[in-house]
Structure formats: structure tokens, C-alpha cells
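The values are calculated or read from the model by the stated rules, or taken from the named source; none is laboratory data. Predicted model only: the values in this text are computed from it and were never measured. Here the Cβ is made from the backbone with ideal geometry for all residues, glycine too, and neighbour counts use every protein chain on show.
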Amino acid sequence: MLGNLIGPEIKELIQERNFAALRAAFEDWAPADVAECITELPEEEQAVVFRLLPHAQATEVFEYLEADAQQVVLKAMGQTEAARILNEMSPDDRTALLEELPGAAVVQLIQLLSPEEKAVAQTLLNYPEGSVGRLMTPDFISIRDEWTIEQALEYIREHGKGSETLNVIYVTDERGRLIDDLRIREILIRPVATRISEFRDSQFVTLRATDEQSTALEIFRKYDRNTLPVVDSEDKLLGMVTVDDMLDVQEEETTEEMQKLGAVEALDDPYMDVPLMELVRKRAVWLVVLFIGQMLTATVMGVFERELASALVLALFIPLIISSGGNSGSQASTLIIRALALGEITLRDWWRVMKREVASGLLLGAMLAFIGFLRIVIWAQFSDSYGPHYLFIGATVSAAVLGVVLWGTVSGSMLPLILRRFGIDPATSSAPFVATLVDVTGLIIYFTAAAVILRGTVL
């Protein structure tokens, strides 16, 4: 829908203060599309457009707004309007909003809630940051084991309007402990006289309110679920988490991993909202570490100064050698980090990973070594750049490429596993870090190969 009504048309209606036309334009839009349109407007216009929406539509649209736009709109509201929006929001979406606000603002907004909603908000905010409790909603439907289908349907009709979803209905005992979850279709397809206890199987998966959100994401992925119940230490049903919340968690984790892979500390806010000095600080730490690491390259070259002075031709291939190792190490590191994140491998698989990467490194290194040797031999037929001992030069470069690629592949694959073993985020072994490590060791391999192969000829 958003694509059918071009941005400039909306801006023109705003400039003309044609509010009636704006309200009419948004009537048939999906809430997510309206939210996207409002978010793209300048801040001073966001609240203006939002306040044109009918009450029923406004709450839905507000939940789809980005955090910054939500805060802008809230500031422009009166207390009555803000209270209505906050009370009508889904508890999990409201918690996500309150998490982004300063403590003083949270206290003020919570005071606008009804006693029931205030209790819910405070309960969810009391769970640790990053826990499943912050994501769950207490708006669910639970039925009793001894009820018939007819009783269950009557209860759902009476109380289902406020539920987050009716796709899954939970079965609890007299103490509120979860004993099963049922798809709504399992209830609809059976005779109304059938008791719940006659067909439930007690096969269900739960989350703990104190579980980390990353743990919940793995469970959602493993069991391919759209909704999962949340229980306490006594298996009492507290709420449920839906897949839309998991998509947000997945986006945050993927963003964090990508930033770390680029040798940047994870940003807490969107890029454009991060203060300049904080952005510099988060980038400077790794840049300094990598810069110091690269200084070791100069140290290594100083150690092999005699070899370089005796055969300046060796310097021509230094970029080739270190880039081959860095590229292979970055490839391996990226593959293993992603495999760890998806649960495709664990620490127990380290030996299998090692064997696969040794084989991969040998094959890839041999391929690149052959290409390098062939290039030197062919070039030597048209130029004397490499001198009469070009075959020895070619053998040196080939051996070094094979060794560097093998070392880069192995170190790039093992480093994430080592970091995970010590409880450090594997994404910390970012591609630039692995490349720097392999650069230094690659020069040692290169000059060592030169000292062995070229001794008595070029050296």
C-alpha cells in the first residue's frame, strides 16, 4: 500500500494542512505501512500525522513505530491520550518501549497506567534485561483439563478478545501449572462433548522467564514454533512469547555479529543515533589493537632484513602472500562463527572441524600455489624480473602460499572455538583480527620457505 501512495503526496497534504484527506488516505492502510510512512517523515511532522489517526487504528500503528518515533509521538501527546495508548498496547511491545527510555521517563509513564496494567508492566520490567521475561505477554488463554470442547469454546469466545493470539490454547491445572498446549484446530475438529483430557498428549516445549533471549531463539528455531509458553521454576504458566518478538531478537543478534565481524564494538543504538564520540570510541579500540598487531609485520620484516636485501624480488610477493592467508582465515572464521550461532556445530566437534579445515586448506592452498607458480614461470618467459633462478622463486612462493593458506584456514576456524571455550563471544575473532594474525605469521612462513629453498642460489 505504501508504494501506491508516493511520499511527496503525503508531504503535500501535510503542508496544505489537509487533515481530512490525510485521515481518509490512511483508512485503508495496514498499520505497519502507516507506521513506516510516519517514521520517514521529519520529527516535527510525525506527531501531527499520528494524531489524525482514529483511536482504534492509532494503538496498532504506535506498536509498529520505531523506538525513536514512538518517543517523539509520546512527547507530543497529552497525558490522557498517552495513557490510552499505553494501556491499550500489548504488554511485550510496551516493555520494549519502556526499555528504551530513561528511568525518570519510565516512572512517569508507568503512573499513567491503570492498576492492572501497571502491575503487568512492573512485573515484566523486573525481569533481567535480555531475558525471556522482558519479551513475554501475559495475554493468553488457558483452559482446564476436565472441560469439554463446548466449555472450552465458550470460554474462548468470552475471554479470547484480549489474547495475543488464539492459535495456541494452553491447558493448566488448578494451581495454574502448564500441562499441555493445544493448537486451536485440535479443538475445532472434535465433537463438542469430547473432554480435553481425552486427546491431549502432554508433549510441549516451554521457556523459563529467566532464560536468555538468545536461548529462546534457538528453541524457536529448533522446534519451528510460532508461539512458546513461559513458565516459572514451579512450571506455573506466566505468559507466552510469539515469533514476532523472536524476529526482533534475531535482527539484533545478527546486527551485533556483523558489527563484531567488522572489528567494531556492538552499537547500542541505530547508527544515525549514536553520538559521534561514542562511535569513534567503539571503532577506535579494535583499530588500535589491529594497528599494533600490524606493527609486528614490520618487526618480522626487520628480522629477515638480510634475506630481503639479498633478494629484493621477494618483496614483490609479500602482498600476495599475506592477502592469501588473510582471505582464507577470514573465510574460515566467518563460516565457523555462523555455524556456531546456528547450532550447526559445538565445541565437541572441534576435531572434525580441524580435519575438514586442514583438508580444505591443503586443497585451496595447492590450487593457489599452482596458479602462483604458473604465473611466475610464464612471466619469466617475457621478462628477466625474477632472474635466472625463477623456478626457485616460483617454488618459494608456491610453498609459502600453501603454508599460509593452510595456516590461515586452520587458525581462522579454531580461534572462534577457542574463544567460545573460554566464554568469549566467537564473533570477537573478527575477520580483520584473523587477517592481522595471519599477516604476521604468514611473513614468517614466507621468509622461512625462502631461506630453505633459495639458499645457495638467490640467497
Of the residues I156, I149, I143, which is aliphatic (A, V, I, L, M), over 31 Å from the mean Cα position of the chain (by Cα) and closer than 21 Å to D235 by Cβ?
-> I143
Can you find even one residue in the stretch 97-112 that is at pLDDT 85 or above and of a type in the set (D, E, K, R)?
-> yes
The residue from R306, R348 that alone is modelled with pLDDT under 75, exposed (fewer than 13 other Cβ atoms within 10 Å of the Cβ), out of contact with any Pro (no Cβ under 8 Å at 6 or more places or on another chain) and basic (K, R) is R306
Is one or more of the residues making up the stretch 380-395 among the hydroxyl-bearing types (S, T, Y), under 25 Å from T436 (Cα atoms) and assigned to a helix (DSSP H, G or I)?
-> no
Taking the condition outside the structural domain of F50 (by TED's automatic domain parsing), part of a loop (DSSP other than H, G, I, E, B), modelled with pLDDT of 90 or more and over 22 Å from F50 (Cβ atoms), does E154 pass?
-> no
Filter the stretch 161-184 for residues that are out of contact with any helix residue (DSSP H, G or I) (no Cβ under 9 Å at 6 or more places or on another chain) and surrounded by fewer than 16 Cβ atoms within 10 Å (Cβ to Cβ); the one that is modelled with the lowest pLDDT is G162
Which of the residues spanning the stretch 119-131 are out of contact with any helix residue (DSSP H, G or I) (no Cβ under 6 Å at 6 or more places or on another chain) and part of a helix (DSSP H, G or I)?
-> A119, Q122, T123, L125
Condition set of a type in the set (S, T, N, Q) and more than 17 Å from G325 (Cα to Cα), scope the stretch 358-415, selection surrounded by the most Cβ atoms within 10 Å (Cβ to Cβ): answer is S385
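The rows are residues; the columns are (1) modelled with pLDDT under 85; (2) under 34 Å from the mean Cα position of the chain (by Cα); (3) over 22 Å from E252 (Cβ atoms).
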site	(1), (2), (3)
E16	yes, no, yes
A21	yes, no, yes
A24	yes, no, yes
V34	no, yes, yes
L41	yes, yes, yes
E63	no, yes, no
A67	yes, yes, no
Collect the residues in the stretch 106-133 that are under 13 Å from Q213 (Cβ atoms) and of a type in the set (V, I, T), keeping them in residue-number order.
-> V132
How many residues of the stretch 406-437 are in a helix (DSSP H, G or I) and at pLDDT 85 or above? The answer is 16
Of the residues G329, G423, G387, G343, which is over 30 Å from V249 (Cβ atoms) and of a type outside the set (D, E, K, R)?
-> G387
Can you tell me which of A119, A104 is under 30 Å from I184 (Cβ atoms), more than 26 Å from the chain's Cα centre (by Cα) and either acidic (D, E) or surrounded by fewer than 17 Cβ atoms within 10 Å (Cβ to Cβ) (or both)?
-> A119
Where in the stretch 1-112 are there helices (runs of 4 or more DSSP H), lying fully within it, with 2 or more residues that are within 30 Å of L238 (Cα to Cα)?
-> 31-40, 55-64, 67-76, 79-88, 91-99, 103-110
